[in-house]
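Engineer: Dropping the structure in here first, questions after.
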Amino acid sequence: MNHLLAKKTGRNGEYVKMISDEDIFNLPDDLDNPHEYDTDYKLEDDEWFGIEDFSETDFCIDILTTDFNSAEYNQIALADYNRLKYLCSYQDNQYYYFQKLSRSQTIRRKWFTISNQPEIQNDNPIIILKELPDAIYDSEEDILYFKKLTSITTIFSGIGTLYREATQEDTEQFLENEFINLTDDYDASKVKKANRKRIAMAMDTFNAFNPQQRNSIYDYIKEYCNDLEFSDEDRNFNIGSEENLKQLMYGIEQRYYTTPIGNEKRLANSITTI
């Protein structure tokens, strides 16, 4: 069954159900050869950008990482329409279609339907559905398709910085920090694209810390990353693999947290400053 949801704005913005049993969007027939995103590349009309293994990225949203269950969502209320952030249409048990909502897509003027008995509508604003969605997620192939990065930055938090990647020099410089001790022949040449992107973000975060905050972040990482060996004498972490480095990056970005109820340790899939 197909379901159209809407994401509400606000700190605790939830999804609400709008319409069921309708094909809101049609699956394009030109998704077979997506391009890796490049700011300098101009798409042709029949081309899309694609991000493979999207569920493993830092900005994949929770609705895409769990089995879809329409019973989890309340029906939309009239008061909700002024607080909608984007639409999400789940179709064919496989595809998620996203459309960013803006004021220009909500029509609040007089209008009438084209029919044999047209009637003026004064107090029934309408939301315009685009012919093409802003993004499509294929849950079976784990690929996100999109055409304009700027159209999806409010849907996938942090995706705007996805393609800022640390250079080889940046990577080498970061790994030379005193709090990192490279082991098992691991070095900058073995750092893959995903971790280079994490380094680009973590560099800014870490450089903004004062000495006291840096000591605090070491203790924070030690608390959550039991697999990372830490030398109290040298004040550094042993980094010998991509997984070690990823855990360190998550620690610097403070993605780990403990639930107040249940005291369960978790990793935040994405973060948004509020």
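Each value in this text was obtained by applying a stated rule to the coordinates, not by laboratory testing. What you see is a predicted model, and the numbers here were worked out from it, not measured in a lab. Note that each Cβ is placed from the backbone with ideal geometry, even for glycine, and that neighbours are counted across all protein chains shown.
Engineer: Using amide H atoms built in the peptide plane, which far-off residues or other-chain residues are under 5 Å from ALA135 H to H?
Structural biologist: Residues meeting the amide H criterion: PHE98.
Engineer: Amide H to amide H under 5 Å from LYS85: which residues, 5+ apart in sequence or cross-chain, H placed 1.01 Å off N in plane?
Structural biologist: Here LYS7, LYS8, THR9 satisfy the definition.
Engineer: Report the full-extension gain for the segment ASP184 to LYS147: residue separation times 0.36 nm, less the Cα-Cα distance, to one decimal in nm.
Structural biologist: 9.2 nm
Engineer: Sticking with this structure for a sec: Output wanted: per-residue J couplings in Hz (rounded whole) for segment 182-189, from phi through Karplus 6.51 cos²θ - 1.76 cosθ + 1.60, θ = phi - 60°, x for Gly and Pro.
Structural biologist: Along segment 182-189, the couplings run 6, 10, 6, 6, 7, 8, 4, 5 Hz.
Engineer: Under 15 Å Cα to Cα from LYS85, which aspartates and glutamates show up? Leave out anything in the same chain fewer than 8 places away.
Structural biologist: Straight-distance partners of LYS85: GLU14, ASP134.
Engineer: Give, to the nearest whole percent, the P(r) tail of segment 3-160 beyond 19 angstrom, counting all Cα pairs.
Structural biologist: 58 percent
Engineer: Using a cut-off of 15 Å between beta-carbons, work out the net charge of the residues near LEU87 (Lys and Arg +1, Asp and Glu -1, LEU87 not included).
Structural biologist: Every neighbour counted, the sum reads +2.
Engineer: Let me test this: with uniform point scatterers at the alpha carbons of the chain, what is the Debye-based log₁₀ I(q)/I(0) at q = 0.12 1/Å?
Structural biologist: Rounded to two decimals, the profile gives -0.88.
Engineer: Quick one: work out the % antiparallel among DSSP beta bridges in segment 21-129, nearest 5.
Structural biologist: Antiparallel: roughly 90 percent of the beta bridges in segment 21-129.
Engineer: Pull out a ≥ b ≥ c, the square roots of the eigenvalues of the alpha-carbon gyration tensor of segment 140-274, then state rounded if a/c is under 1.5, prolate if not and a/b is larger than b/c, and oblate in the remaining case.
Structural biologist: oblate
Engineer: Less than 21 Å apart at the alpha-carbon level, and either on another chain or at least 8 residues along: which lysines does that give for LYS193?
Structural biologist: LYS246
Engineer: Between ASP30 and ILE128, take the C-beta separation as r, use R0 = 25 Å, and let me know the FRET efficiency to the nearest 0.05.
Structural biologist: Working from the Cβ atoms, E equals 0.65.
Engineer: Additional query: Arranged by the count of other C-beta atoms within 10 angstrom, fewest first, what order do CYS88, CYS60, CYS225 take?
Structural biologist: In increasing order of surrounding Cβ atoms, one gets CYS225, CYS60, CYS88.
Engineer: Oh, and also: What's the longest piece of the chain with no exposed trypsin sites (Lys or Arg not before Pro), counting a site as exposed if DSSP puts it in a loop and it has at most 14 other beta carbons within 10 Å?
Structural biologist: 43-107
Engineer: Further, regarding this structure: Taking 7 Å along the Cα-to-C-beta vector as the label spot, tell me the SER231-ASN74 distance in nanometres, rounded to one decimal.
Structural biologist: For SER231 paired with ASN74, the spin-label model returns 5.5 nm.
Engineer: Here is a follow-up. Over all directions, the average projected area of the alpha-carbon convex hull for segment 48-120 comes to how many nm²?
Structural biologist: For segment 48-120, the mean projected area of the Cα convex hull comes to 8.5 nm².
Engineer: Identify, among TYR220, SER231, THR205, the residue whose Cα sits farthest towards the positive end of the charge dipole of segment 204-253, taking +1 on the Cβ of Lys and Arg and -1 on the Cβ of Asp and Glu, with the dipole about the Cα centre.
Structural biologist: Checking the options against the dipole of segment 204-253, the answer is THR205.
Engineer: Placing unit charges on C-beta atoms (Lys and Arg positive, Asp and Glu negative, everything else neutral), compute the dipole magnitude of segment 3-160 about its Cα centre in debye, rounded to 20.
Structural biologist: So the magnitude is around 1660 debye.
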